[in-house]
1. Which of the residues spanning the stretch 43-53 are open to solvent by less than 60 Å² (accessible area, probe 1.4 Å) and within 29 Å of G68 (Cα to Cα)?
2. Quick check: anything in the stretch 44-55 charged (D, E, K, R) and within 27 Å of the chain's Cα centre (by Cα)?
3. Mind counting the residues in the stretch 1-42 that are open to solvent by 70 Å² or more (accessible area, probe 1.4 Å), closer than 19 Å to S75 by Cα, not in a helix (DSSP H, G or I) and not polar (S, T, N, Q)?
4. Can you go through L54, L71 and tell me which one is farther than 30 Å from Q90 by Cβ and assigned to a helix (DSSP H, G or I)?
5. Among the residues that make up the stretch 55-77, is at least one of them open to solvent by less than 80 Å² (accessible area, probe 1.4 Å) and within 23 Å of M1 (Cα to Cα)?
6. Quick check on L93: is it among the aliphatic types (A, V, I, L, M), touching a residue at least 24 places away in the same chain (Cβ under 8 Å) and loosely packed, with under 11 Cβ neighbours inside 10 Å?
7. Against the conditions (1) closer than 30 Å to M1 by Cα; (2) open to solvent by less than 60 Å² (accessible area, probe 1.4 Å), where does S99 fall short? Just the number, please.
Amino acid sequence: MQRIKSLGVLSCAKMSGAIYGCLGLIFVPFALIGGLAGMASGQGKDAIGGIIFLVFGILAPVIYGAMGFVLGAFSAWIYNLMAKWLGGIQIELQQIPMSAANQAGTV
């Protein structure tokens, strides 16, 4: 049995930021379609809404990535505090024989 005693705050923040940034990419096509549809309507308020949608579509991955970075760092920091009091998360690791690791392509 192994125990995760602490997490690297910056490494967790980087990974969370990258994951959330990629998730933010999901919104890009929808925001671009919505923005273009609003701009194509030709009415003043709808055109402004379309521009806002386009800007959001472009900035969504950056905003989500920044939020993921901050929340990942905060989560790792909180985990490290709680692990001191509660002992951390216990995990069980299995040793893989070298021949099986070579076949799986993990080496």
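The values are calculated or read from the model by the stated rules, or taken from the named source; none is laboratory data. All of these numbers come straight from a predicted model, not from anything done at the bench. With ideal geometry, Cβ positions are generated from the backbone for all residues, glycine too; neighbour counts draw on all protein chains shown. Accessible surface is based on the protein model in full, side chains and every heavy atom, while ligands, DNA and RNA are left aside. Shrake-Rupley method; radii C 1.70, N 1.55, O 1.52, S 1.80 Å.
1. Once the filter is applied, which keeps residues that are open to solvent by less than 60 Å² (accessible area, probe 1.4 Å) and within 29 Å of G68 (Cα to Cα), the stretch 43-53 yields G49, G50.
2. Residues of the stretch 44-55 charged (D, E, K, R): 45-46.
Narrowing the set further to residues that are within 27 Å of the chain's Cα centre (by Cα) leaves none.
Taking every residue of the stretch 44-55 in turn, none turns out to be charged (D, E, K, R) and within 27 Å of the chain's Cα centre (by Cα).
3. 2
4. L54
5. Yes.
6. yes
7. (2)
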